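I have placed the structure first, in the form of structure tokens, so that the comments after it can refer back to it.
The values are calculated or read from the model by the stated rules, or taken from the named source; none is laboratory data. Computed from a predicted model, the values in this text were never measured in an experiment. Cβ coordinates were reconstructed from backbone atoms using ideal geometry, including for glycine residues, and neighbour counts include every protein chain displayed.
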Amino acid sequence: MVTTTAPPSEPRARVRALPKAGMTRKRREALAAYAFLAPDTLGLLIFVAIPMVLAFGVAFFKVDGFGNYQYVGLANYKLMAGDDQLWASLKVTATYVVTFVPIAFVVSFALAMLVRNHFKGIGWVRSAFFLPNVVSLVVVGLIWQFLLVDKRGALSKILAPLGLGDVSFLGTPSLALGTYVVISVWFLMGYQMLVFLAGLKDVPKELEDAAAIDGAGPWQRFRYVIWPLLRPTSFFVVVNSTIGAVTGLQAFDLVFVLTKGGPARATSTVVLYIYEQAFTFNNMGYAAALTTVVVAILVVCTALMFGFTRGGRFDED
Amino acid sequence: MAATPSPARQFSRRSVLRGGLGALAASAAGVPLLSACGGNSSGGDAKEMSFWNFYGPSDDQGPQSKWFVDTVAEWNKNNDVKVKLRYIPGKDYLNGTTLQTAFQSGQGPDIFLISPGDFLRYYNGGVLQDLGSALSEESKKDYLPGLLEARSVDGKVYGLPMEIEPLALYYSEAAFESAGLSEADLPKTWDQTLAVAQKLTNSKRYGVMFETLPGYYQNFTWYPFLWQGDGNAIKDGKAAFDSPAAVQALQFWGETIKNKVAPRKALGDGGGDVVSNLGSGAAAMQQSGIWAVADLRAKAKNFKYGIIPHPTPDGGKPATDLGGWAFVANSKGKNPEAAAKFIAWALGSTDAAGVERQRQWNTVVKTNVPPRKSVQEAADAKGAFGEGVLKKFVSEIAPTGKPEPRFPPEVYQPIADAIQACQLNAADPAKAAADAAEKIDTFLKTYQGAPIS
């Protein structure tokens, strides 16, 4: 960027000879960079960093919801050990993560491979896969509720000949979480597909061609060329979707609209539980403490993933 | 979250805001932390008071919204201290965070609506204003027995109910006819309910329907079945949930699901939405409140239906739950005295205009049982309860009712868990009741707020 903006005929000395307000080009570049970064940095600072720090502070108080703060030290953290509901909700979230993340990974990766090469109407197909992602999750929830309702939903009608017409996908504890995994995969697969597509675009065509000339079949080209080069992308998708599965929109909005944590707490995710503690029980201090624990778990998980995979580069230097 | 690579911003920023609720809690909490609890001064004499509600002025400007707007306009015409309405959509008001965050940051409204389930939370938070000085003895006596007591502590009234909403079992005449049943088959007992529901159930329809979504509303609809067997959650300040009455009520709801005569998930807005469920033919009998009469009148005019009192267990007594929201004033608001006067005037005036205002609300713009005797008489005189389902609600069902309990979340939640587990997860009712009782008992041992029942 630096060299292209300067006309090639201009001697370097001339640039130095005309300093604008005593600033070097490097300085001005830096200033511009900071100016571009500032809005985002400020946004993150005000809406993410400061609230996070404050939440950490609030976690040491008993907060009654009416502006009263009482310092209680680590009492909020000590409460957690005996809180069955917390452990149950952590289990729900863990189950959700270990099912959602791999399924979403495989499905969106398969979709990306499917729409990787150009064919007629590719734009439409890609858009169709991505479309769920632009719909509000509340609307998504309502649509699926409509499709899945007992006896009268579209799915019940399809399953009726098999004698499964009265299966309640969202009303049966053993099925509700699985249903919720399917809906969230459907919702997020388009976004992850785009990430994979971007990654696939970076795989040099020559390498694939060279492998083909050397006699590698489609599977071998995938296994030994595409897959290794896609590791950073895959890593990003896994990290991103793990975080999304724990604290993302689908962990709250979707559950809130579809089941409110029911039936019989089968979909009570940890984020929903924190919400209940904060806004139903008015235990804002405890809710803040729970949040710090969830953040800590996520940081540790992410750090472990980074550590084991060298930031997604695995065996590369 | 901080360790997220930057491209994850799309998720992380929103997820911290939405998911990491500590962030929300903290930002709400942060305001008073930083501003040293400003704006929380009590006993002010400001000239404008805010009134948060979920009726008006709404976008649709329907009759209920108009009642709120007109009532406030009438007050503002004759008083120095003005009231300003702020409309908060029902879903945000009931399940959202608007009210909670406002109070947490010392910016709560001067006047607001409260449900029985929230009464103690706000009372114990020290933000409810005693309405006594603004309320005449005549007005107090005009309320039906128990209604003011449910909103009082130590004999002081903190909230005035605006309506009574009893529950009943609605049934579809068409569904009964198509199943070859008549009015003589309408169930009177739980066993009959299960048997009739079986006959009414087919591939497209469930015989009976109760709420299945967890929450305050589900508890509210379940309590009558507990009371029918003379059970309660708390008696004499102690947990009493581990009782045969609770066990049989939990079992009854569970059996409707186990026998596949009731749905696990409702259509539309849930178990209380009669238009979407009973009205669409998805259910043949459905428990709901008196509000459904107005809903059916507005949205399913030609639908033929009737109501019956909740069927009772063997040896049980009839019971229903009298729901209903109340107006309350914020004791830390800008002008609590004037707010109390406004409430007493809007809902409690015993003059002709006051009675008419209440009659309009309870029987013209909504279908409620009026909470005051004089209003019931005025409505009767206009033929509001002359015939049909409303007559049945007022004369037969409401008299068997108890006001909705003012259980704080720590009592409501264990009961909700027991209902959910027995209804939808085939849990053992005896064990579920014992577990809930134990949790309630643990809570009561350290509870220091106002009496719960």
Completion exercise
Checking A:Leu86, A:Leu155 in turn, the sole residue that is at pLDDT 90 or above, aliphatic (A, V, I, L, M) and part of a helix (DSSP H, G or I) turns out to be A:Leu86
Practice task
Name every residue in the stretch B:322-355 that is at pLDDT below 95 and within 23 Å of B:Pro405 (Cβ to Cβ), in order of residue number.
Solution key: B:Leu322, B:Gly323, B:Gly324, B:Trp325
Handout entry: Spans of helices (runs of 4 or more DSSP H) in the stretch A:226-317 with at least 2 residues touching a strand residue (DSSP E or B) at 6+ places or on another chain (Cβ under 9 Å) and more than 28 Å from A:Met193 (Cα to Cα)
Key = A:284-309
Completion exercise
Subset of the stretch B:438-453, residues surrounded by 13 or more Cβ atoms within 10 Å (Cβ to Cβ), more than 23 Å from the chain's Cα centre (by Cα) and either part of a loop (DSSP other than H, G, I, E, B) or among the small types (Gly, Ala, Ser) (or both), comes to B:Tyr447
Problem - For A:Ala112: the one exception among (1) away from chain B (no Cβ under 13 Å); (2) under 30 Å from A:Gly262 (Cα atoms); (3) within 20 Å of the chain's Cα centre (by Cα) - result: (2)
Practice task
Quick one: B:Ile419 ticks every box in (1) in a helix (DSSP H, G or I); (2) more than 14 Å from chain A (Cβ to nearest Cβ) except a single one, so which number is it?
Solution key: (2)
Practice task
Would you be able to say whether some residue in the stretch B:89-104 is part of a loop (DSSP other than H, G, I, E, B), touching a helix residue (DSSP H, G or I) at 6+ places or on another chain (Cβ under 9 Å) and within 14 Å of chain A (Cβ to nearest Cβ)?
Solution key: yes
Handout entry: Test set (1) outside any helix (DSSP H, G or I); (2) surrounded by fewer than 16 Cβ atoms within 10 Å (Cβ to Cβ) - A:Ala210 fails condition number
Key = (1)
Handout entry: Only listed residue being charged (D, E, K, R) and within 26 Å of B:Glu138 (Cα to Cα), chosen from B:Asp435, B:Asp380
Key = B:Asp380
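Here's the yes/no breakdown for (1) buried (at least 23 other Cβ atoms within 10 Å of the Cβ); (2) more than 27 Å from A:Val167 (Cα to Cα); (3) touching a Leu at 6+ places or on another chain (Cβ under 6 Å):
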position: B:Glu149; (1), (2), (3): no, yes, no
position: B:Gly159; (1), (2), (3): yes, yes, no
position: B:Ala168; (1), (2), (3): yes, yes, no
position: B:Glu177; (1), (2), (3): no, no, no
Practice task
Would you mention how many residues in the stretch B:345-366 are surrounded by 23 or more Cβ atoms within 10 Å (Cβ to Cβ) and out of contact with any Asp or Glu (no Cβ under 8 Å at 6 or more places or on another chain)?
Solution key: 4
Practice task
Test B:Val328 against the stated conditions and say whether it is more than 23 Å from the chain's Cα centre (by Cα) and either of a type in the set (Val, Ile, Thr) or not assigned by TED's automatic domain parsing to the domain that holds B:Val81 (or both).
Solution key: no
Exercise for the section: Looking at (1) away from every other protein chain (no Cβ under 14 Å); (2) farther than 17 Å from B:Leu147 by Cα, find the lone condition where B:Gly333 falls short. Expected result: (1)
Fill in the blank from the handout: Residues of the stretch B:214-234 being part of a loop (DSSP other than H, G, I, E, B) and either outside the structural domain of B:Ser178 (by TED's automatic domain parsing) or surrounded by fewer than 21 Cβ atoms within 10 Å (Cβ to Cβ) (or both), in sequence order, are B:Gly215, B:Asp230, B:Asn232
Completion exercise
Apart from one, (1) within 25 Å of A:Phe130 (Cα to Cα); (2) of a type in the set (Ser, Thr, Tyr); (3) away from every other protein chain (no Cβ under 11 Å) all hold for A:Tyr224; the odd one out is (1)
Exercise for the section: Kindly check whether there is at least one residue in the stretch A:116-135 that is farther than 30 Å from A:Phe222 by Cα and among the hydroxyl-bearing types (Ser, Thr, Tyr). Expected result: no
Handout entry: Residue list for the stretch A:36-90, restricted to those being within 22 Å of the chain's Cα centre (by Cα), small (Gly, Ala, Ser) and within 11 Å of chain B (Cβ to nearest Cβ)
Key = A:Gly43, A:Ala49, A:Ala55
Problem - Hits in the stretch A:155-173 - residues which are facing chain B (nearest Cβ under 10 Å), farther than 18 Å from B:Leu424 by Cβ and of a type in the set (A, V, I, L, M, F, W, C) - result: A:Ala160
Handout entry: The lone exception for B:Thr442 - which of (1) without any contact (Cβ under 8 Å) to a residue 12 or more places away in the chain; (2) in contact with a Cys (Cβ under 6 Å, 6 or more places away or on another chain) it fails
Key = (2)
Problem - Residues that are in contact with a strand residue (DSSP E or B) (Cβ under 8 Å, 6 or more places away or on another chain) and more than 14 Å from chain A (Cβ to nearest Cβ), drawn from the stretch B:200-240 - result: B:Phe220, B:Thr221, B:Tyr223, B:Pro224, B:Trp227, B:Gln228, B:Ala233, B:Ala240
Fill in the blank from the handout: The one condition B:Lys199 fails out of (1) surrounded by fewer than 20 Cβ atoms within 10 Å (Cβ to Cβ); (2) within 21 Å of B:Gly272 (Cβ to Cβ) is (2)
Completion exercise
Expected single match for of a type in the set (Val, Ile, Thr) and touching a Leu at 6+ places or on another chain (Cβ under 9 Å) among A:Val300, A:Val271 is A:Val271
